[in-house]
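Everything below concerns the one structure shown next.
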Amino acid sequence: MLRVENLVKSFDGERRRRRAAATGATDRVFAVNDVSFTVHEGDMFTLLGPSGCGKTTTLRSIAGLERPDSGIIEVGGQALFRSLEGQRVLSVSANERGLGMVFQSYAIWPHMSVFDNVAFPLQVRKRGQRPGKREIAERVGRVLATMELDALAGRQATKLSGGQQQRLALARALVIEPPLLLLDEPLSNLDAKLRESLRYELKRLQRELGITSVYVTHDQTEALVLSSSVAVMRDGNIIQLGKPREIYQKPNSRFVAEFIGTSNFIPAKVEARDGERYSVATADGSLALNSTADLAVGTDVIVSIRPEAVDVSAVSRTGEIPNEWKGTVVTRAFLGEAVDHVVRVGEFEIRARGNPSVSIRPGTDVFVQLDPDKLSLVPVD
């Protein structure tokens with residue numbers, strides 16, 4: 001449905017402006033550096049990363065609001081941008097691409113009613129492409145009903161709540177029936193409770209309507225909840241691309257493990273390998289684990305494990321499982337839906353997250369068990 005291939009977008013660096021006259025240097029800052037991905041029809045594809053990683057520039061390039069240096073952007077097999085060496089540059093203007101876009105700011109027209117806000121994109125189309133008044137009314141009514149805003153069609157847009165305004169912005173993007181919907185952090189201006197509610201509402205709508213979407217966010221939870229696939233970006237590059245569960249459970253780098261959720265990191269060295277079965281040496285003993293990483297014996301690595309994958313027990317299970325360390329609870333924290341225990345094991349402190357009904361007093365000796373299938377092996381950055 002959407003194909004982005006070898007996309008590059010750069011900007012002039014700060015140093016260039018200071019020394020260009022003297023040296024003619026051409027320092028460049030690559031906001032997007034050779035990015036490629038494919039979004040299949042009906043998928044919700046998320047670009048996730050910290051501020052300045054290039055995710056919004058990528059989205060704006062797809063929308064036609066930024067002109068890339070080079071690469072290919074295609075939607076439904078139709079080229080929207082193509083710039084290859086030795087070929088003439090093709091760049092379809094943003095208003096000719098027919099894509100829906102929802103911004104971080106709702107960009108609602110305050111002098112218009114809810115109905116008129118949604119109808120406006122249809123009313124301003126070229127004469128030959130503009131639907132008739134009856135069709136406009138039907139399409140607007142249908143999308144407002146989907147967004148549960150039909151009872152508010154005559155209300156001034158500025159008199160809606162934040163959540164209603166966000167749904168209005170989404171309705172306005174959907175009414176043109178775009179082949180691709182682009183969403184640039186659309187929930188970031190909402191309070192936490194409303195944001196959580198609208199995540200599930202947006203996911204329901206996306207699945208029911210089968211909308212192919214590209215979503216930009218720095219919110220890890222949002223990405224995990226909404227996405228069919230996630231691309232984690234850093235410094236203009238895609239660091240890891242995969243399903244949300246894969247990204248969370250099997251990060252391919254310390255950056256991904258740290259950015260998405262909370263992880264324990266244990267320095268280690270590969271001491272033995274048999275296919276995907278590894279044995280790694282740590283300061284407090286060996287760990288057995290399974291990994292698809294291709295790492296040679298002797299390689300310095302980091303073992304990563306999520307707190308909820310760490311089991312803490314008062315009873316040893318030596319012989320039943322391969323990885324067990326003895327430790328002492330240092331502290332605990334009640335989180336409502338869970339309890340975190342920090343356990344000191346030798347020179348390491350390991351965080352474990354478990355059922356809130358289990359709370360172990362600091363100073364208690366315990367056994368920490370680490371499932372080999374829940375350990376991730378990543379190279380040292």
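The values are calculated or read from the model by the stated rules, or taken from the named source; none is laboratory data. Note that the coordinates shown come from a computational prediction; the quantities given were computed from them, not determined experimentally. Every residue, glycine among them, receives a Cβ derived from its backbone with ideal geometry; neighbour counts consider all protein chains shown.
Taken together, the residues in the range 224-256 that are under 23 Å from Thr146 (Cα atoms) and either surrounded by 19 or more Cβ atoms within 10 Å (Cβ to Cβ) or of a type in the set (Asp, Glu) (or both) amount to 2. Scan the range 355-368 and tell me whether some residue there is in contact with a Leu (Cβ under 9 Å, 6 or more places away or on another chain) and either loosely packed, with under 14 Cβ neighbours inside 10 Å or at pLDDT 95 or above (or both). Yes: one or more hits. Taken together, the criteria place Arg82 among residues that are surrounded by fewer than 23 Cβ atoms within 10 Å (Cβ to Cβ) and without any contact (Cβ under 8 Å) to a residue 24 or more places away in the chain. Under the condition of being out of contact with any helix residue (DSSP H, G or I) (no Cβ under 7 Å at 6 or more places or on another chain) and in contact (Cβ under 8 Å) with a residue 40 or more places away in the chain, the residues counted in the range 88-106 number 4. Of the residues making up the range 257-287, just one is under 11 Å from Ser304 (Cβ atoms), surrounded by fewer than 19 Cβ atoms within 10 Å (Cβ to Cβ) and touching a Leu at 6+ places or on another chain (Cβ under 9 Å), namely Gly261. Scanning the range 318-354 for residues that are of a type in the set (A, V, I, L, M, F, W, C) and exposed (fewer than 13 other Cβ atoms within 10 Å of the Cβ), we see that the one that is nearest to Val366 (Cα to Cα) is Ala333.
Yes/no per residue for (1) at positive phi; (2) out of contact with any Lys or Arg (no Cβ under 7 Å at 6 or more places or on another chain):
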{"residue": "Leu149", "(1), (2)": "no, no"}
{"residue": "Gln166", "(1), (2)": "no, yes"}
{"residue": "Leu181", "(1), (2)": "no, yes"}
{"residue": "Glu185", "(1), (2)": "yes, yes"}
{"residue": "Leu198", "(1), (2)": "no, yes"}
{"residue": "Val225", "(1), (2)": "no, no"}
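Filtered by the rule that a residue be closer than 23 Å to Val303 by Cα and aliphatic (A, V, I, L, M), the range 340-358 gives Val342, Val343, Val345, Ile350, Ala352.
Being under 25 Å from Phe259 (Cβ atoms), among the acidic types (Asp, Glu), modelled with pLDDT of 90 or more and surrounded by fewer than 19 Cβ atoms within 10 Å (Cβ to Cβ) holds for only one residue in Asp34, Asp69, and it is Asp34. Which one is nearest to Leu160 (Cα to Cα) among residues in the range 92-127 that are of a type in the set (Ser, Thr, Tyr) and surrounded by 15 or more Cβ atoms within 10 Å (Cβ to Cβ)? So the residue we want is Ser113. Of the strands (runs of 3 or more DSSP E) lying entirely inside the range 28-145, those containing at least 2 residues that are out of contact with any Phe, Trp or Tyr (no Cβ under 9 Å at 6 or more places or on another chain) and in the same structural domain as Leu170 (by TED's automatic domain parsing) are 28-39, 70-75, 78-83, 100-102.
Within 22 Å of Asn323 (Cβ to Cβ), hydrophobic (A, V, I, L, M, F, W, C) and touching a residue at least 24 places away in the same chain (Cβ under 8 Å): does that describe Leu287? In short, yes. Among the residues of the range 165-197, those that are over 25 Å from Gly64 (Cβ atoms) and among the acidic types (Asp, Glu) comprise Asp191, Glu196. Number of residues in the range 156-201 that are modelled with pLDDT under 85, outside any loop (DSSP other than H, G, I, E, B) and aliphatic (A, V, I, L, M): the value is 3. Counting only strands (runs of 3 or more DSSP E) that fall entirely inside the range 291-379 and contain at least 1 residues that are within 24 Å of Pro267 (Cβ to Cβ) and hydroxyl-bearing (Ser, Thr, Tyr), the qualifying elements are 300-305, 324-334, 376-379. Show the residue pairs meeting these rules: Cβ distance below 8 Å; 6+ apart or different chains; first residue within the range 124-135 and closer than 14 Å to Val175 by Cα; second residue surrounded by 11 or more Cβ atoms within 10 Å (Cβ to Cβ) and among the hydrophobic types (A, V, I, L, M, F, W, C). Once the first residue is closer than 14 Å to Val175 by Cα and sits in the range 124-135, its partners that are surrounded by 11 or more Cβ atoms within 10 Å (Cβ to Cβ) and among the hydrophobic types (A, V, I, L, M, F, W, C) give Arg130/Leu122; Pro131/Leu122.
So that you can scan it fast, the table gives a plain yes or no per residue for (1) outside any strand (DSSP E or B); (2) over 20 Å from Trp325 (Cβ atoms); (3) modelled with pLDDT under 95:
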residue: Pro251; (1), (2), (3): yes, yes, yes
residue: Glu258; (1), (2), (3): yes, yes, yes
residue: Thr262; (1), (2), (3): yes, no, yes
residue: Val280; (1), (2), (3): no, no, no
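Residue count for the range 288-303, restricted to those that are surrounded by fewer than 15 Cβ atoms within 10 Å (Cβ to Cβ) and of a type in the set (Val, Ile, Thr): 2. A search for C-beta distances below 6 Å between a residue of the range 303-319 that is closer than 11 Å to Ser376 by Cα and any residue that is aliphatic (A, V, I, L, M) and part of a loop (DSSP other than H, G, I, E, B), counting only pairs 6+ apart in sequence or on different chains, returns Val303/Leu375; Ile305/Leu375.
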